[in-house]
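Let me begin by presenting the structure, written as structure tokens, before commenting on it.
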Amino acid sequence: MKKFEILEHKADLKIRVFGKTKEELFQNALFGMTESMKPEIKKPEEKTKRRIKIKSLDLPSLLVDFLSEILYLTQVNKEIYREIKFKKFTDTELQGEVIGQKVERFGQDIKAVTYYDLNVYQKKDKTWEATILFDI
């Protein structure tokens, strides 16, 4: 199963994300967002870790809040995060540790994660899919 695909959009970045579980869906959304930023890593061997804790109203809001928090951490710390280890995961709350690396520069800037056209659902085969639009 592929992790994500970039969808056509005139002005912004739109991706479709896939996962066998909700946790994998969130992991792949994180990966899709960070890969789309085209980061230039300073020292690939050096890793950073940051703890995150997020509460939201529902699963779609949790996804937007999660990606928004990662985007904030990316911009403030000039780091890219490609992996998360969940300590807690429900439809309204998550806790975990993101693992990242320092970045020299980004090839594409993402300004925000939006609710526009947001879609998070479980398919008949029990896998998960989400469509997310980023303001660039």
- Kindly establish whether PHE31 is modelled with pLDDT of 95 or more and not in a strand (DSSP E or B). yes
- the range 1-17, subset surrounded by 13 or more Cβ atoms within 10 Å (Cβ to Cβ) and farther than 20 Å from LYS85 by Cβ, residue modelled with the lowest pLDDT: HIS9
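For the range 95-130, what are the residues that are among the β-branched types (Val, Ile, Thr), closer than 19 Å to GLY19 by Cβ and within 17 Å of the chain's Cα centre (by Cα)?
Taking the range 95-130 as the starting set, the residues that turn out to be among the β-branched types (Val, Ile, Thr) are 98-99, 103, 110, 113-114, 120, 127.
From what is left, the residues that are closer than 19 Å to GLY19 by Cβ are 98-99, 113, 120, 127.
Of everything in the range 95-130, those that are among the β-branched types (Val, Ile, Thr), closer than 19 Å to GLY19 by Cβ and within 17 Å of the chain's Cα centre (by Cα) turn out to be VAL98, ILE99, VAL113, VAL120.
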- ILE110 passes all but one of the listed conditions (1) in a strand (DSSP E or B); (2) touching a residue at least 24 places away in the same chain (Cβ under 8 Å); (3) not aromatic (Phe, Trp, Tyr); the exception is number (1)
- Message: Residues to consider are LEU71, LEU94; find the one that is touching a strand residue (DSSP E or B) at 6+ places or on another chain (Cβ under 9 Å), in a helix (DSSP H, G or I) and of a type in the set (A, V, I, L, M).
- Response: LEU71
- Task: For LEU63, state whether it is open to solvent by 70 Å² or more (accessible area, probe 1.4 Å), touching a residue at least 24 places away in the same chain (Cβ under 8 Å) and either touching a Phe, Trp or Tyr at 6+ places or on another chain (Cβ under 7 Å) or hydrophobic (A, V, I, L, M, F, W, C) (or both).
- Result: no
- Checking GLU24 against (1) touching a residue at least 40 places away in the same chain (Cβ under 8 Å); (2) open to solvent by 20 Å² or more (accessible area, probe 1.4 Å); (3) more than 14 Å from GLY96 (Cα to Cα), the condition it does not meet: (3)
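Sort out which residues of the range 103-120 are farther than 16 Å from SER36 by Cα and either open to solvent by 80 Å² or more (accessible area, probe 1.4 Å) or out of contact with any strand residue (DSSP E or B) (no Cβ under 7 Å at 6 or more places or on another chain) (or both), and write them in order of number. Break it down stepwise before answering.
If we filter the range 103-120 for residues that are farther than 16 Å from SER36 by Cα, which is where we start, we get 115-120.
Scanning the range 103-120 gives TYR115, TYR116, ASP117.
The values are calculated or read from the model by the stated rules, or taken from the named source; none is laboratory data. Because the structure is predicted, anything quoted here is derived from the model rather than measured. Neighbour counts run over all protein chains shown; Cβ positions are idealised from the backbone, glycine included. SASA here: full protein model, heavy atoms, side chains in, ligands and nucleic acids out. Shrake-Rupley method; radii C 1.70, N 1.55, O 1.52, S 1.80 Å.
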